[in-house]
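> Just dropping this structure here.
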Amino acid sequence: MDQQPTPPNQPKNPQQPPQPVAYDQQGRPLYAAPPVQPVPQVVHLSRAVNPVEPEITPQVRARHDESMAAFPQLNLSEAEYIISAVRRHPIGLVLPVGITGLLIAIVASLIINYPLMAPSLGLMNVPTHESIILTGSLFIILVLLGGYAAVWIYLNNKFFLTNESVIQEIQHSLFSRHEQTVSLANIEDASYVQRGILQSIFNYGSIRLSTEGDETTYRFYYVANPKEQIAILNNAVEAFKNGRPVDANEAD
């Protein structure tokens, strides 16, 4: 079969641009036919006005309801549930309880032994035993209230791991508290620290979390068995970032 000749002034290779046949006085190329301009491709993207909510399985719904019943103060999403509720180690109560008990013992001893001590004081107007009992009792009540407040503040510092985030409740005083929430996707590093012989013997320490971007560091002190808690947390972070279901059983 005979090959048809290529029309003049047309490129033999269609992928090559056409060649000019002449040039005008300003040096601009002149073509036998106008060059074909590439047609830009336009891609239209659309987003639903009402995004489709992810499906919540009955198992997730049941765990969410259990978590809300156990911790109603937490603001959990519809598919969020508690994996681990970390509380402070009881050893942190030794100091406030010890000081409270010591002060009560001293005041009680003074009240009991006051009749024997009064003559040796050499005072002109010695307070009566009844007034000492009343004053001492009021002081003991104040000490008990102060000790109870210290214990309540200590125990109300809590740390929760959910399938979506880490929630830390910080109680500074009776009337000062705040809550910190960090998404598992933003946690860059999670580690624990045990310092000293007491922390090693009684197996408690502190948890440290660092986040991406703003480089914020979060700490939670007096954590019982911090090694196990960090193992659960790291497995939850890894599972969340890889799109796997997050559960405490993955740390086993």
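The values are calculated or read from the model by the stated rules, or taken from the named source; none is laboratory data. On a predicted model such as this, the values are computed, not experimentally measured, just so you know. Here the Cβ is made from the backbone with ideal geometry for all residues, glycine too, and neighbour counts use every protein chain on show.
> Cβ-Cβ below 8 Å, separation at least six or inter-chain, first residue in the stretch 207-233 and closer than 22 Å to Val151 by Cβ, second at pLDDT below 90 and of a type in the set (Lys, Arg): which pairs?
Ile207/Arg219; Tyr221/Arg88; Tyr222/Arg88; Val223/Arg88; Ala224/Arg87; Ala224/Arg88
A quick yes/no check of all residues on (1) among the basic types (Lys, Arg); (2) buried (at least 20 other Cβ atoms within 10 Å of the Cβ):
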{"position": "Phe160", "(1), (2)": "no, yes"}
{"position": "Glu164", "(1), (2)": "no, no"}
{"position": "Tyr192", "(1), (2)": "no, no"}
{"position": "Leu198", "(1), (2)": "no, no"}
{"position": "Arg208", "(1), (2)": "yes, no"}
{"position": "Tyr218", "(1), (2)": "no, no"}
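> Kindly provide the set of residues from the stretch 162-192 that are among the aromatic types (Phe, Trp, Tyr) and modelled with pLDDT under 90, ordered by number.
Of everything in the stretch 162-192, just one residue is among the aromatic types (Phe, Trp, Tyr) and modelled with pLDDT under 90, namely Phe175.
> Answer yes or no: is there a residue in the stretch 139-158 that is of a type in the set (A, V, I, L, M), free of Cβ contacts under 8 Å to residues at least 40 places away in the same chain and touching a helix residue (DSSP H, G or I) at 6+ places or on another chain (Cβ under 7 Å).
Within the stretch 139-158, one or more residues are of a type in the set (A, V, I, L, M), free of Cβ contacts under 8 Å to residues at least 40 places away in the same chain and touching a helix residue (DSSP H, G or I) at 6+ places or on another chain (Cβ under 7 Å).
> Regarding Ser77, is this residue part of a helix (DSSP H, G or I) and at pLDDT 85 or above?
In short, no.
> Criterion first (without any contact (Cβ under 8 Å) to a residue 12 or more places away in the chain, exposed (fewer than 13 other Cβ atoms within 10 Å of the Cβ) and either in the same structural domain as Asn235 (by TED's automatic domain parsing) or more than 11 Å from the chain's Cα centre (by Cα) (or both)) does His178 satisfy it?
Judged against the criteria, His178 is a match.
> Could you list all residues from the stretch 104-155 that are among the β-branched types (Val, Ile, Thr) and either farther than 30 Å from Phe220 by Cβ or exposed (fewer than 14 other Cβ atoms within 10 Å of the Cβ) (or both)?
Ile104, Ile106, Val107, Ile111, Ile112, Val126, Thr128, Ile132, Ile133, Thr135, Ile140, Ile141
> Quick test for you: out of Ile104, Ile112, pick the one residue that is in contact (Cβ under 8 Å) with a residue 12 or more places away in the chain, β-branched (Val, Ile, Thr) and over 30 Å from Gly205 (Cα atoms).
On inspection, the qualifying residue turns out to be Ile104.
> Also, quick follow-up: Name the strands (runs of 3 or more DSSP E) wholly within the stretch 150-243 that hold at least 1 residues that are out of contact with any Lys or Arg (no Cβ under 6 Å at 6 or more places or on another chain) and under 25 Å from Asp65 (Cβ atoms)?
Passing ranges, in order: 158-162, 165-173, 176-183.
> Taking the criterion of being among the acidic types (Asp, Glu), surrounded by 12 or more Cβ atoms within 10 Å (Cβ to Cβ) and touching a residue at least 40 places away in the same chain (Cβ under 8 Å), would at least one residue in the stretch 74-87 satisfy it?
Yes, the stretch 74-87 has at least one match.
> Of the numbered conditions (1) surrounded by 13 or more Cβ atoms within 10 Å (Cβ to Cβ); (2) at pLDDT 90 or above; (3) more than 22 Å from Leu74 (Cα to Cα), Ala251 satisfies every one except a single condition; which is it?
(2)
> I've got another one for you. If Ser173 passes every condition in (1) polar (S, T, N, Q); (2) surrounded by 12 or more Cβ atoms within 10 Å (Cβ to Cβ); (3) without any contact (Cβ under 8 Å) to a residue 40 or more places away in the chain but one, which one does it miss?
With respect to (1) polar (S, T, N, Q); (2) surrounded by 12 or more Cβ atoms within 10 Å (Cβ to Cβ); (3) without any contact (Cβ under 8 Å) to a residue 40 or more places away in the chain, Ser173 is out only on (2).
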